[in-house]
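Throughout, read-outs are computed from the coordinates displayed, never taken from laboratory work. For clarity, every value in this text was computed on a predicted model and none was experimentally measured. Here Cβ is always computed from backbone atoms with ideal geometry, including for glycine, and neighbour counts include all displayed protein chains.
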Amino acid sequence: MRIGFVGLGNMGSAMAMNLLKAGHDVTAYNRSAEKAKPLLERGAHVGTSPAEASRGDVVFTMLADDHAVESAVYGESGILANLRPGCVHISSSTISVALAQKLAAEHEKHQQQFISAPVFGRPEAAEAGKLFVVVAGPNDVVERCLPLFEAIGQRTFRFGEQPSTANLIKLSGNFLIASVLESLSEAMALVGKAGIDQHQYLDFLTSTLFAAPVYKTYGGLIADRKFQPAGFAAPLGLKDVRLTLAAGEQFRVPLPLASLIRDRFLALLARGGDALDWSAISQIAAEDSGQGSTTGRAA
């Protein structure tokens with residue numbers, strides 16, 4: 001397929017590379033053009049605007065937030081004005097339910113197709129083509145795009161024909177990860193204050209009842225205090241929890257734990273943790289227990 005890819009951050013660049021390796025004709029666009037250089041060296045085309053990435057059969061967006069997606073979609077050089085009728089915009093960004101609903105309606109007005117396909121996995125999983133893809137949209141459109149999801153992920157989960165459903169799944173999943181980060185942070189602070197080796201404690205946890213990858217991956221980062229380079233930066237964690245709270249308000253579902261976690265991220269950013277991985281919220285629990293501060297710098 002002729003594919004455009006807008007957004008070449010840690011995740012997007014790896015996803016675009018795997019689409020290129022799978023034999024697709026890729027035109028990539030990123031505001032910072034130098035990030036497209038590895039793709040160019042492997043045979044991709046490089047666009048100078050979202051419009052140039054919207055001339056094929058499908059265009060992916062993998063951007064940081066609602067504002068970045070809207071900037072790529074709207075305007076004379078945006079996706080909406082340049083994607084041909086019948087072609088597909090795949091949004092893999094973690095965006096609000098409200099924006100996904102708006103985009104679906106706008107694309108329908110322009111006789112274009114829109115599906116949401118956010119992904120679960122850190123940058124190393126993206127590089128290996130081992131992401132988990134959550135997709136929602138019209139069945140026939142999803143079927144057409146399945147080979148693309150197979151190129152970037154190890155498994156695709158389908159959640160019906162309403163695109164925003166996939167965005168709600170993604171937000172709820174990231175909220176659960178953030179909840180693990182908070183609970184694991186408090187437990188690690190407790191045993192650390194008691195003089196117990198945190199690595200030994202983590203080995204016990206992940207060898208018994210808590211063998212899930214989320215505990216192994218983030219527990220290791222917390223025990224090692226390894227928060228740079230950020231696989232998922234703390235400001236993005238705050239953004240996702242905030243969007244989860246907005247979805248809770250939209251559907252009238254109280255999310256008291258999400259409110260607490262939002263404040264943890266705010267505390268981390270107030271201490272200068274913008275460049276740190278979101279697992280660095282563990283250091284707020286450590287500070288609260290009197291074990292010192294490592295926020296704002298790499299371990």
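Note that the stretch 37-52 has calculated 3J(HN,Hα) couplings of 4, x, 5, 4, 5, 9, x, 6, 8, 10, x, 9, 7, x, 4, 5 Hz, one per residue in order, obtained from phi through the Karplus relation 6.51 cos²θ - 1.76 cosθ + 1.60 (θ = phi - 60°); glycine and proline are x. Comparing Phe114, Phe251, Phe157 in a Gaussian network model of the chain (Cα springs below 10 Å), the most mobile by mean-square fluctuation is Phe251.
Among Val88, Val141, a tally of other beta-carbon atoms within 10 Å of each Cβ gives an order, fewest to most, of Val141, Val88. Can you compute log10 of I(q)/I(0) for the stretch 36-94 with the Debye formula, treating each Cα as one identical point scatterer, at q = 0.23, 0.25 Å⁻¹? Scattering profile of the stretch 36-94, log10 relative to I(0): -0.97, -1.08. Cα centroids of the stretch 79-146 and the stretch 200-230: 32 Å apart.
GNM on the chain, alpha-carbon springs under 10 angstrom: the most fluctuating residue among Leu190, Leu131, Leu80 is Leu190.
Work out which helices of the chain, taken as complete DSSP H runs, extend at least 18 Å along their axis over the Cα atoms and score a mean Kyte-Doolittle of 0.5 or more, then list them. Could you put the intermediate results ahead of the total?
Numbers: long enough: 97-109 (19 Å, -0.19); 139-152 (19 Å, 0.54); 163-193 (46 Å, 0.75); 234-250 (24 Å, 0.16); 256-270 (21 Å, 1.12).
Sorted by number, the helices that extend far enough and score high enough are 139-152, 163-193, 256-270.
Based on every Cα atom in the stretch 167-288, Rg and the maximum pairwise Cα distance Dmax equal 14.3, 45 Å.
Here, the stretch 1-48 yields an orientationally averaged convex hull projection of 2.7 nm² when only Cα atoms define the hull. Across all directions, the average flat footprint of the convex hull enclosing the Cα atoms of the stretch 82-228 is 10.4 nm².
Diffusion of the stretch 164-209 by Stokes-Einstein, at 37 °C in a medium of 0.692 mPa s and with Rh set to the Kirkwood radius over alpha-carbon pairs, works out to 270 µm²/s.
Taking the Cβ of each residue in Lys226, Lys35 as the centre, tally the other Cβ atoms inside 10 Å and list the residues starting with the fewest.
Numbers: Lys226 15, Lys35 18.
The order, fewest Cβ neighbours first, is Lys226, Lys35.
Output the relative contact order of the chain, whole-number percent, from Cα pairs under 8 angstrom with separation of 6+ residues. If you can, show how the numbers build up before the last one.
Values: 568 pairs, mean separation 40.1, N = 299.
Computed value for the chain: 13 percent relative contact order.
Taking all Cα pairs closer than 8 Å and separated by 6 or more residues, the relative contact order of the stretch 14-132 comes to 22 percent. Each eigenvalue of the Cα gyration tensor of the stretch 1-105, multiplied by 5 and square-rooted, gives one semi-axis; in descending order these are 21, 14, 12 Å. Expressed in units of 2.2 N^0.38 Å, where N is the residue count, the Cα radius of gyration of the chain is 1.04.
Arrange the peptides 191-199, 122-130 so that the one whose residues have, on average, the most other Cβ atoms within 10 Å appears first.
Numbers: 191-199: 12.8, 122-130: 17.1.
So the order, starting with the most tightly packed, is 122-130, 191-199.
Backbone amide hydrogens, once placed in the peptide plane, bring Phe5 within less than 5 Å of Thr27, Ala28, Tyr29, Phe60, excluding anything fewer than 5 places away on its chain.
When every Cα-Cα distance of the stretch 90-150 is counted in 10 angstrom steps from zero, the calculated P(r) takes the values 21, 49, 26, 4 percent.
For the listed residue pairs Lys170/Lys239; Lys35/Lys170; Lys170/Lys193, the alpha carbons are over 23 angstrom apart in Lys35/Lys170; Lys170/Lys193.
Give the order of Arg158, Arg264, Arg2 when sorted by the count of other beta carbons within 10 angstrom, beginning with the fewest. Working shown, then result.
Numbers: Arg158 18, Arg264 22, Arg2 14.
Fewest-to-most Cβ neighbours within 10 Å comes out as Arg2, Arg158, Arg264.
Using helices alone, I'd like the mean residue ellipticity at 222 nm for the chain: each DSSP H run of four-plus residues gives -39500 (n - 2.57), total over residue count, nearest 500. Don't jump to the answer; show the numbers that get you there.
Numbers: 13 runs with 153 residues, N = 299.
Only helices count here, giving -16000 deg cm²/dmol.
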